[in-house]
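S.K.: Encoded as structure tokens, here's the structure I'll be asking about.
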Amino acid sequence: MPIDRRTVVHAADLARIALTDAEVERFTGQLSVVLDAVARLAEVDTSAIPPSASTLPLRNVERDDEPRPGLGAEEALANAPRGGRDGEFFRVQEVLQER
Amino acid sequence: MSLPYETVIGVETHVELATRSKMFCPCSATWFGAPANSLVCPVCLGLPGALPVPNRRAIELAMTAGLALHCEVPAHTKFDRKNYLYPDLPKGYQISQYDLPLNVSGWLALDTPDGPKRVRIRRAHLEEDTATSKHGEGYALIDFNRSGVPLLEIVSEPDLRSADEAVAYVQALREILVFAGVSEMRLEEGAGRFDVNVSIRFTEDGEVRWPPQSEIKNLNSYAAIREAVPHEAERLWRSWRDGGELRMRTGKITVGWSPERRETFLQRSKEEVEDYRYFPDPDLVSFTPSRETVERLRASLPELPGDRRARFARVYALSDYDARVLVADRALADYFEAAVKASTRDPKQIANWVTGEVRRRMKDAGDGAGVPFPPEQLAALVELVASGEVSGSAAKEVFGDMWTTRRPPSEIVRAKGLTQVSDEGAIAAAVDAVLAENAKAVADYRAGNARALGALVGQVRKRTGGKANLSVVNRVLAERIARGEATR
Ligand SMILES: [Zn+2]
């Protein structure tokens, strides 16, 4: 199942990964091979198997609506990368701009 | 003014469910006003290895909402991952429901100026809320307190035809959800948000045209819907007319609304559902609502506002206005019904008090204040008026006293000497005395000056210390004057 450059560029864009032209070239070939491998699943005859959303033998796992304390701000913010903390907030780069 | 196009509108409403804890973790869901990042844990921060467990109450509230909106509850439902990268979404995906939502195919009854209308509900599914962000110059500050709060997304079909209709729809929806206890939907706290899909439809060269829609994201007030919808519809129309972008476009666009500039702006020019790469969340198992649960939730649904209004008009013979005012406040409607039950008089008399004095005083008393005395006391007051024991104006005074002192009305009437004189003999004596002293006024009245009668009534009232029953006074006065006429 060959995929084209545009699909690779689009997928990279959705994943917020910047690719060079050489990388797009390389991944276009590699991803086609990966997809071909996965596509072999389509060869299995599933006509007699009912569709299922989950392979786990469990259903209706729930918990009661009881609040419990979590980490607290200090511990939570301790995981912020350098420069990624601003007071009690996580600080990130702006991504959506008005155009 | 009629527009050269029809506006076609569908609304996606996001409401926070009234749970105590979050959707997939036990952090408190009461995020509004809490110190930033104080209600967080590995699950709602999206830390590696953390596993979600669904909140039973959230699922039940979501099903209750669906039942109140006449939805079907499918036999199987599941949670899916909706993948996109944004700073307010720590996992890189939002847990939502894609092809097997919890509720499908419902409707909501709407009163419009053109008569009643059913707005079809396509689906209502559960998902988790995102974090909140504050924007600075080139950066954003993220607070994860709201991350993971249970959210119900209710999607209408494109059945609405004007901004006013869209607002009426979200108001009716809000009323139902609040009544059913599903959500408090405090709009001022961001607990209700609307994505409004707007398109225009018109006839051109004998053909019906319906170009692709705009989705206006994240409107959070009725005023914003009222302004943004006609603005975007008009923008689409101009774009078409002037050969703009709408002529080339094949898919929908996403726009934002700037309340300051009062205009929409482009956010995303294309958005395909494949881009979200939905797939079943492998961390969660499927959900099969039991018939017993569905029936239990259905049985515990309160009577909904529309049904209650219709019943009030039918059973108590109230006007549409009275029914509407009473039902707008569940506590007020309950109070009214309890008072009616305690009374043998026309429910309209009770309704007059409740929609008038009671509501006015509750408003003055502020948010959350109830009526300080039980409904039986209001029924007792109505009885005093209906039996003629106190006059209408004295009853107002009694009511004011009841509100502040909580004493029973009969006691107040006795203590203040407000009992109305209805005794014909006493009133007749007063009338005779007044007629004798006011020959001129009587003559004026006979000469055709109707206002002279008012002066005479006033005199009689004065003579009886303001306690004479006005209807008796009027009748006796009319009788005496007529008789005087006959004997002259
Ligand atoms: Zn949490």
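S.K.: At 7 Å along the Cα-to-beta-carbon direction for both B:K416 and A:A22, put a label point, then send me their distance in nm to one decimal.
M.R.: In this crude label model, B:K416 to A:A22 measures out at 9.4 nm.
S.K.: Compute the accessible area per residue over chain B, keeping the other protein chains in place, probe 1.4 Å, unit Å². All intermediate terms of the calculation are to be shown ahead of the outcome.
M.R.: Details: 22440 Å² over 488 residues.
Result: 46 Å² per residue.
S.K.: Can I ask one more? Per residue of B:82-89, count partner chain C-beta atoms within 10 Å of its C-beta, then hand back the mean as an integer.
M.R.: Values: counts 0, 2, 2, 5, 4, 7, 3, 0.
Counting Cβ atoms of other protein chains within 10 Å of each residue's Cβ and averaging gives 3.
S.K.: Using protein heavy atoms only (no ligands, DNA or RNA), what is the total accessible area buried between A and B, 1.4 Å probe, nearest 100 Å²? Can you show the working numbers first?
M.R.: Numbers: alone 9950 and 24410 Å², together 30300 Å².
Looking at A and B, the buried total is near 4100 Å².
S.K.: To continue, here is another question. First measure r as the distance between the Cβ atoms of A:L14 and B:R118, then evaluate 1/(1 + (r/R0)^6) with R0 = 56 Å and state the FRET efficiency to the nearest 0.05.
M.R.: Values: r = 39 Å, r/R0 = 0.69.
Here the calculated transfer efficiency is 0.90.
S.K.: Of all accessible surface on chain A at a 1.4 Å probe, what whole percent is carbon and sulfur? Numbers along the way, then the final one.
M.R.: Numbers: 4420 of 7860 Å².
Roughly 56 percent, rounded to a whole number.
S.K.: A follow-up question, please. Once Rh is set to the Kirkwood radius over Cα pairs, what Stokes-Einstein translational diffusion coefficient, in µm²/s, holds for the stretch B:3-88 at a temperature of 37 °C and a viscosity of 0.692 mPa s? It would help to have the intermediate numbers written out before the result.
M.R.: Numbers: Rh = 16.1 Å.
Here the translational diffusion coefficient equals 203 µm²/s.
S.K.: Just to be sure I understand the interface: list residues from the stretch A:39-75 that lose 50 Å² or more of accessible area between the chain on its own and the complete protein assembly, 1.4 Å probe.
M.R.: Listed by number, the residues meeting the 50 Å² cut-off are A:A53, A:R59, A:N60, A:V61, A:E62, A:R63, A:D65, A:P67, A:R68, A:L71.
S.K.: Report, in debye and to the nearest 20, how large the dipole of the protein assembly as shown comes out about its Cα centre when Lys and Arg carry +1 and Asp and Glu carry -1 on their Cβ.
M.R.: 2180
S.K.: Report, in deg cm²/dmol and to the nearest 500, the calculated mean residue ellipticity at 222 nm for chain B, where each DSSP H run with n ≥ 4 adds -39500 (n - 2.57) and the sum is divided by the residue count. Let's see the in-between values first.
M.R.: Values: 17 runs with 195 residues, N = 488.
Helix contribution divided over all residues of chain B: -12000 deg cm²/dmol.
S.K.: At 10 °C and 1.306 mPa s, what whole-number value in µm²/s does Stokes-Einstein give for the translational diffusion of chain B, with Rh from the Kirkwood sum over Cα pairs?
M.R.: Result for D is 58 µm²/s.
S.K.: Moving to a separate point now. For the stretch B:6-292, which whole-number percentage of the solvent-accessible area (1.4 Å probe, protein heavy atoms only) is attributable to carbon and sulfur atoms? Walk me through the numbers before you get to the answer.
M.R.: Details: 5930 of 11650 Å².
With neighbouring chains kept in place, the figure for the stretch B:6-292 is 51 percent.
S.K.: OK, next. Normalised by the number of residues in the stretch B:6-292, what is the relative contact order in percent for Cα pairs under 8 Å and 6+ residues apart? Let's see the in-between values first.
M.R.: Details: 628 pairs, mean separation 67.4, N = 287.
Value for the stretch B:6-292: 23 percent.
S.K.: Would you compute, for the Cα atoms of the stretch B:179-284, the largest minus smallest coordinate along each principal axis and list the three values in descending order, in whole Å?
M.R.: 50, 38, 27
S.K.: Quick one: which of A:50-56, B:423-429, B:76-82 comes out on top by average Cβ neighbours within 10 Å, and what's the full order, highest first? Display every interim value, and only then the final one.
M.R.: Details: A:50-56: 11.0, B:423-429: 14.6, B:76-82: 21.0.
My ranking of the peptides, most packed first, is B:76-82, B:423-429, A:50-56.
S.K.: Measure nothing fancy, just the Cα-based angle from helix B:305-315's long axis to the longest principal axis of chain B, in degrees from 0 to 90, nearest 10.
M.R.: Orientation of helix B:305-315: about 30 degrees from the principal axis.
S.K.: Could you work out the relative contact order of chain B? I mean the mean sequence separation of Cα pairs under 8 Å and 6+ apart, divided by the number of residues, in percent.
M.R.: Answer for chain B is 13 percent.
S.K.: Here's something else I'd like to know. Taking the simple approach of a point 7 Å from Cα along Cα-to-Cβ for both B:T250 and A:R85, what is their distance in nm?
M.R.: That separation, rounded to one decimal, is 5.0 nm.
S.K.: How long is chain A along each principal axis, judged by its Cα atoms, biggest number first, in Å?
M.R.: On the principal axes, chain A reaches 54, 46, 27 Å in Cα extent.
S.K.: To continue, here is another question. Once fully extended, how much extra length lies between B:E292 and B:N474, figured as 0.36 nm per residue of separation less the alpha-carbon to alpha-carbon distance?
M.R.: 59.0 nm
S.K.: Let me ask something additional. Could you state the orientation-averaged shadow area of the convex hull built on the Cα atoms of the protein assembly as shown, in nm² to one decimal? Walk me through the numbers before you get to the answer.
M.R.: Numbers: hull surface 166.1 nm².
Directional mean of the projected Cα hull area for the protein assembly as shown stands at 41.5 nm².
S.K.: Shifting gears a bit: In degrees, nearest 10, range 0 to 90: what is the angle between the Cα axis of helix B:392-405 and the longest Cα principal axis of chain B?
M.R.: That helix lies at roughly 60 degrees to the long axis.
S.K.: Say each of A:Q93 and B:Y84 gets a label point 7 Å from the Cα, pointing the same way as Cα to Cβ; how far apart are those two points in nm?
M.R.: Taking the simple label geometry, A:Q93 and B:Y84 are separated by 2.0 nm.
S.K.: Using Cα centres only, tell me the gap between the stretch B:57-85 and the stretch A:50-81 in whole Å.
M.R.: Their Cα centres are 18 Å away from one another.
S.K.: Taking a label point 7 Å from the Cα of B:E157 along the Cα→Cβ vector, which residues of the stretch B:66-82 have an amide N closer than 15 Å to it?
M.R.: Inside the label zone: B:70-72.
S.K.: Nearest 10 degrees is fine. How inclined is helix B:424-437 to the longest principal axis of chain B, computing both from alpha carbons?
M.R.: Once rounded, the angle reads 70 degrees.
S.K.: Could you list which residues have their amide H under 5 Å from that of B:F279, counting only those 5 or more apart in sequence or on another chain, with H placed in the peptide plane?
M.R.: B:R81
S.K.: I would also like to ask the following. Please tell me which of these pairs span more than 28 angstrom C-alpha to C-alpha: B:K348/B:K462; B:K22/B:K217; B:K416/B:K462; B:K217/B:K363?
M.R.: Details: B:K348/B:K462 31 Å; B:K22/B:K217 24 Å; B:K416/B:K462 17 Å; B:K217/B:K363 34 Å.
Going by Cα-Cα distance, B:K348/B:K462; B:K217/B:K363 fall outside the 28 Å limit.
S.K.: Moving on to the next point. Based on the Cβ-Cβ distance of B:A328 and A:Q30, what FRET efficiency does E = 1/(1 + (r/R0)^6) give at R0 = 60 Å, to the nearest 0.05?
M.R.: On the way: r = 63 Å, r/R0 = 1.05.
Efficiency for this residue pair is about 0.45.
S.K.: Using a 1.4 Å probe on the protein chains only, how many percent of the accessible area of the stretch B:424-487 belongs to carbon and sulfur? Intermediate results must be reported in sequence, preceding the final value.
M.R.: Values: 1900 of 3540 Å².
Carbon and sulfur: 54 percent of the exposed surface of the stretch B:424-487.
S.K.: Taking the Cα centre of chain B as the origin, how large is its charge dipole in debye, to the nearest 20, when only Lys and Arg (+1) and Asp and Glu (-1) carry charge on their Cβ atoms?
M.R.: On the way: 66 positive and 68 negative charges, 313 e Å.
It comes to approximately 1500 debye.
S.K.: Take B:K363, project a point 7 Å from its Cα along the Cβ direction, then tell me which residues of the stretch B:385-400 have their backbone nitrogen under 18 Å from it.
M.R.: Under cut-off, by backbone N: B:400.
S.K.: Sticking with this structure for a sec: Could you give the distance between the Cα centres of the stretch B:258-329 and the stretch B:133-193, to the whole Å?
M.R.: 11
S.K.: If you take the beta carbon distance between B:L301 and B:K348 as r and set R0 to 30 Å, what does 1/(1 + (r/R0)^6) give as a FRET efficiency, to the nearest 0.05? Numbers along the way, then the final one.
M.R.: Numbers: r = 29 Å, r/R0 = 0.96.
In this case the efficiency is close to 0.55.
The values are calculated or read from the model by the stated rules, or taken from the named source; none is laboratory data. Every value quoted in this text rests on a predicted model; they were computed, and no experiment measured them. Glycine gets a Cβ as well: all are built from the backbone with ideal geometry, and neighbour counts include every protein chain shown. In case anyone asks, the SASA skips ligands and DNA or RNA and just uses the protein heavy atoms, side chains included. Shrake-Rupley method; radii C 1.70, N 1.55, O 1.52, S 1.80 Å.
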